[in-house]
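What follows is one structure encoded as C-alpha cells, with my remarks underneath.
Values quoted throughout were computed directly from the atomic coordinates according to the rules given, and no laboratory measurement underlies them. Note that the structure is predicted; figures quoted are calculated from it, not measured. Here the Cβ is made from the backbone with ideal geometry for all residues, glycine too, and neighbour counts use every protein chain on show.
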Amino acid sequence: MNRIFDITQKDLLQALRDRKTFLFLLIMPIAFTLFFGWAFGGLYKAPADNRLPVGYLDQDNSALSQDLYSLLANSTLIRLNEDPQRSAADLDQSVADGDLAAAIIVPSGYGGSLRSGTPLQLTFIADPSQTASATIQNDVLAAANRLASAVRTATIAASITGDPAGFDSALSDALTAWQDPPIQMTVNSSAIQQNTDANVMSMAQSSPAMMLQFAIAGLITAATVIVNERKTRSLQRLLTTATSRVQILIGHYLAIYALIFGQFLLLIAFGQLLLKVDYLRLPLATLLVAMAAAACISALGLLIGVFAKSEEQTVVLVLIPMFVLSGLGGAWMPLEYTGAAFQAVGHVSPIAWGMDGFKNIVARGLGFDSVIFPAAALAGYALLFLILATWRFQRISE
C-alpha cells in the first residue's frame, strides 16, 4: 500500500505544480458556469400557466365525458395534458418519470353509467410520495361529483316535465351554475411545477454541465504525468523494483480520482453557496453521483495516459472526448429540449448519465432512487475504461 500511495502523492504534487490544473478544474468551470447560466436563462422563463400538468385520456368519448373535460379544464389547480395517441401505460410512465403530476383515465361507458345513476369510477394515476397528489385527486373528485350532481338534477327536471329532450338544457343550466362555486382551490408550489426562478433553473443546468465537462479537460495535466513517466523512462526503472504493474496503475488512478473528486466537492460547494443550486437537498445522492462521475472520468484519464505517446497527443486525446461527450451528453444544450432519437444517442455519453443524476436532484426534485441507475451507468463506464487501460498498460510495459 505504501508504494501505491507514494505514486499517488508523486502524481498529485506534479499535477498541482502545473497552473493548468487550476485553470481547467476550477477557474474555467466557474467562468463557463456563469456564462452558460446566463445563456440558458432564456430557456427557463416561468410559464404563464402555473397549474399542475395532469394527463387526460378519454376512452368514452361521450357528451358527458366532454362535459367532465370542460369542468377539469376550468380548474385553477390542474392543467390538462391530452394526447389521443398516448396509452394508459404511457400515462403511467409519464407520472413515474415526473413529467406529469398525475393522470386521469375516463373509462369506456362512463357517460351511459352517469345517465343510469351508477357512474363508473375514474382511473386516477399519481405518485403517492408527491404532496400534491391528494390535492389533485380531491379536485378531480369534486369535478366528477359536480357532473354527477348536474346529471341527476337534469334527469329529475326532464322526468318532471315529461320531456326527455329537456335533459340537455337542464344539464347545461346545472353545469353553468357550477362555473362560479363558493369555494375554489389554488396551488402555489410543487416539486412537479417548474421553478419560477429562471436564474436558479439555468444554473441547475450549467453548474453540473461545466463541472463534468471541465473535469475531462483537467485530465490533460493528470494524463501528461503518466506520459512523462514513460518518456523519462521512470516507468521502466520503477518496474525493476518490487512495485507491480497493478500497484502503479492504482497509484496513478487514485491521484487522478483525488483531483477530480476534489474539484467536484469545491464546485458543488460553490454552486450551493453562491449560485443557490440545491445540491444538498439530497446530500447522499449528490455524493453518490459525484463519486461515480469522478470514478468514470478518472478511469478515462488513466486510459488516455497509457495510450498517449506525447504531450501533444495527450491534449488531442483529451479535448476530442471532452467536446464530443459534452456535446452529446447535454452539457451545452439540455437533452430534454431535443428529440427522442438524439436523447437516446446522447446517453451513449457518460456525461448524459452524470447530468441525469445531478439534475434529478437539483432541477427535477426527484428522490434518491432516481440517481441509482445513472450512478450505476457511470460505474459501468469506469469499469470499461479501467479494463482497457489495464490491457494497454500491460502491453506498453512488457
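Below, the figures for the structure above:
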read-out: Whole-Hz ³J(HN,Hα) from phi, Karplus 6.51 cos²θ - 1.76 cosθ + 1.60, for the stretch 206-216, glycine and proline x; value: 6, 5, x, 4, 6, 4, 6, 4, 7, 5, 5
read-out: For the stretch 52-177: rounded, prolate or oblate by the Cα gyration tensor [a/c cutoff 1.5]; value: prolate
read-out: The chain, helix-only ellipticity at 222 nm - DSSP H runs n ≥ 4, -39,500 (n - 2.57), divided by all residues, nearest 500; value: -21500 deg cm²/dmol
read-out: Estimated FRET transfer efficiency (residue 273, residue 163; beta-carbon r; R0 56 Å; 0.05); value: 0.20
read-out: For the stretch 52-177: relative contact order, % (alpha-carbon pairs under 8 angstrom, 6 or more apart); value: 24 percent
read-out: Residues 229, 311 arranged by fewest to most Cβ contacts within 10 Å; value: 311, 229
read-out: R0 of 45 Å, Cβ-Cβ distance residue 323-residue 66: FRET efficiency to nearest 0.05; value: 0.30
read-out: Charge tally in the Cβ shell below 12 Å around residue 375, where Lys, Arg are +1 and Asp, Glu are -1, residue 375 excluded; value: -2
read-out: Local net charge near residue 156, Cβ-Cβ under 15 Å (Lys/Arg +1, Asp/Glu -1); value: -1
read-out: Compactness of the chain as Cα Rg over 2.2 N^0.38 Å, two decimals; value: 1.35
read-out: ³J(HN,Hα), Karplus 6.51/-1.76/1.60, whole Hz, each residue of the stretch 350-364, x for Gly, Pro; value: x, 4, 4, 5, x, 4, 4, x, 5, 6, 4, 7, 8, 10, 9
read-out: For the stretch 358-388 versus the stretch 216-244, the gap between their alpha-carbon centres in whole angstrom; value: 30 Å
read-out: Selection from 215, 292, 236 lying farthest towards where the dipole of the stretch 208-317 points positive, charges on Cβ; value: 236
read-out: Of all DSSP beta bridges in the stretch 52-177, antiparallel share, percent nearest 5; value: 30 percent
read-out: Built amide H within the under 5 Å cut-off of residue 102, gap 5+; value: 55
read-out: Residues 33, 118, sorted so that the one with the fewest Cβ neighbours within 10 Å comes first; value: 118, 33
read-out: Cα-projected label distance for residue 315 with residue 342, points at 7 Å along beta-carbon direction, nm; value: 3.1 nm
read-out: Order of 316, 106, 277, 95 - criterion: other Cβ atoms within 10 Å of each residue's Cβ, fewest first; value: 316, 95, 106, 277
read-out: Fraction of beta bridges assigned by DSSP in the chain that are antiparallel (%, nearest 5); value: 30 percent
read-out: Amide proton proximity set for residue 278, modelled H, under 5 Å, gap of 5+; value: none
read-out: Ranked packing of 360-372, 70-82, most packed first, by mean Cβ within 10 Å; value: 360-372, 70-82
read-out: Under 5 Å, built H, 5+ apart or other chain: amide partners of residue 52; value: 78, 79
read-out: Local net charge near residue 360, Cβ-Cβ under 11 Å (Lys/Arg +1, Asp/Glu -1); value: 0
